[in-house]
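As structure tokens, the structure follows; a few thoughts come after it.
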Amino acid sequence: MGTFRALLQEGTEILKKAGIGEAGLDAWLLLEYTSGKNRAWYYAHDCEEMESETAEKYLQLCRKRAEHVPLQHLTHRAFFMEYEFYVDENVLIPRQDTEVLVEIAGNLLKTRENPVILDMCTGSGCILISLLADKKDSFGVGVDVSSAALSVARRNAQAIGVSERAHLIESNLFSGEFFQGKDGNAPEKYDMLISNPPYIPTEEIRGLMEEVRLHDPVLALDGHRDGLYFYRMITRDAGRYLKPGGWLLYEIGCEQGSDVSAFMKQAGFTSVEVRQDLAGLDRVVLGQMPE
């Protein structure tokens with residue numbers, strides 16, 4: 001069907017015509033994914049013919065990307081905190097902004113021995129799994145209302161080698177039996193509760209870019225009317241599940257810092273502060289349970 005160079009050019013043109021912002025990069029990443037060849041190989045062999053089956057698969061993926069299907073959904077690969085995660089249409093694609101949340105959390109856990117982490121709205125598991133992978137004596141619980149998302153998280157926990165320390169459960173926030181102490185035992189207490197919950201106001205979802213609006217799961221985006229529903233609900237009950245001195249951390253939308261900080265202060269959290277991402281935008285709110 002053509003040489004590697006010709007197919008890369010064709011793929012790039014397909015994406016350019018569709019208005020894909022980084023057409024050349026995406027065309028290359030799809031070529032690398034379908035052929036298994038890296039750049040060093042390509043520069044030495046770009047005039048070689050690509051096998052017809054591989055070429056057809058490549059062009060098919062380019063056409064799907066031209067329909068604004070996210071690149072990560074086509075390759076099922078997303079890189080986060082130096083780890084490779086499997087993703088599909090059932091989970092939010094891990095984003096670089098969220099790495100700020102994980103870095104802050106990791107620093108807070110450094111001095112704690114055998115910390116136990118609760119990740120609410122875990123999705124792909126990227127937050128919890130990254131923390132467990134970096135701190136070998138930690139344990140964690142990841143919670144999501146979506147059984148499909150939890151299947152993805154379990155796959156990632158297994159691939160990254162933390163499945164024995166990650167307990168992934170289906171629950172609508174704290175409503176599931178796991179949290180209710182129905183066996184007569186008190187609920188477990190955690191050193192940290194961390195969450196990147198849905199925080200887009202419902203009416204704003206339709207204005208998002210196509211890759212997000214049409215292909216990310218609405219459950220992972222919709223923060224209800226004002227985008228603050230999950231912060232209210234989680235903060236309201238968080239104190240019941242945190243140890244004295246335990247931390248509550250959220251990723252937030254860049255205009256939600258003051259509201260989420262107020263929720264946490266009203267719930268009795270201390271040392272509440274807002275941290276910024278690399279672009280200087282408010283991205284994380286954290287606070288501590290009184291000792």
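The values are calculated or read from the model by the stated rules, or taken from the named source; none is laboratory data. Every value quoted in this text rests on a predicted model; they were computed, and no experiment measured them. Backbone-built Cβ (ideal geometry, glycine too); neighbour counts: all protein chains shown.
Some notes on this structure:
- Residue match in the stretch 55-72 (condition: outside the structural domain of D216 (by TED's automatic domain parsing), among the basic types (K, R) and more than 18 Å from G21 (Cβ to Cβ)): yes
- Single condition E113 does not satisfy, out of (1) in the same structural domain as P197 (by TED's automatic domain parsing); (2) part of a helix (DSSP H, G or I); (3) surrounded by fewer than 18 Cβ atoms within 10 Å (Cβ to Cβ); (4) not aromatic (F, W, Y): (2)
- The stretch 246-270, residues that are under 17 Å from V100 (Cβ atoms) and either over 24 Å from the mean Cα position of the chain (by Cα) or part of a strand (DSSP E or B) (or both): W247, L248, L249, Y250, E251
- Qualifying helices (runs of 4 or more DSSP H) (wholly inside the stretch 138-245; at least 1 residues being more than 22 Å from Q266 (Cα to Cα) and either modelled with pLDDT of 95 or more or out of contact with any strand residue (DSSP E or B) (no Cβ under 6 Å at 6 or more places or on another chain) (or both)): 147-160, 177-180, 210-213
- Taken over the stretch 134-177, the criterion of being of a type in the set (D, E) and buried (at least 19 other Cβ atoms within 10 Å of the Cβ) is satisfied by D144 alone.
- You will find that of P198, P244, the residue that is under 21 Å from S175 (Cβ atoms), in contact with an Asp or Glu (Cβ under 7 Å, 6 or more places away or on another chain) and of a type outside the set (S, T, Y) is P198 and no other.
- Selection of the stretch 134-159 for residues being over 23 Å from D216 (Cα atoms), touching a residue at least 40 places away in the same chain (Cβ under 8 Å) and touching a helix residue (DSSP H, G or I) at 6+ places or on another chain (Cβ under 7 Å) yields only D134.
- Considering residues of the stretch 188-238 that are under 14 Å from V260 (Cβ atoms) and among the small types (G, A, S) only, the residue surrounded by the fewest Cβ atoms within 10 Å (Cβ to Cβ): G223
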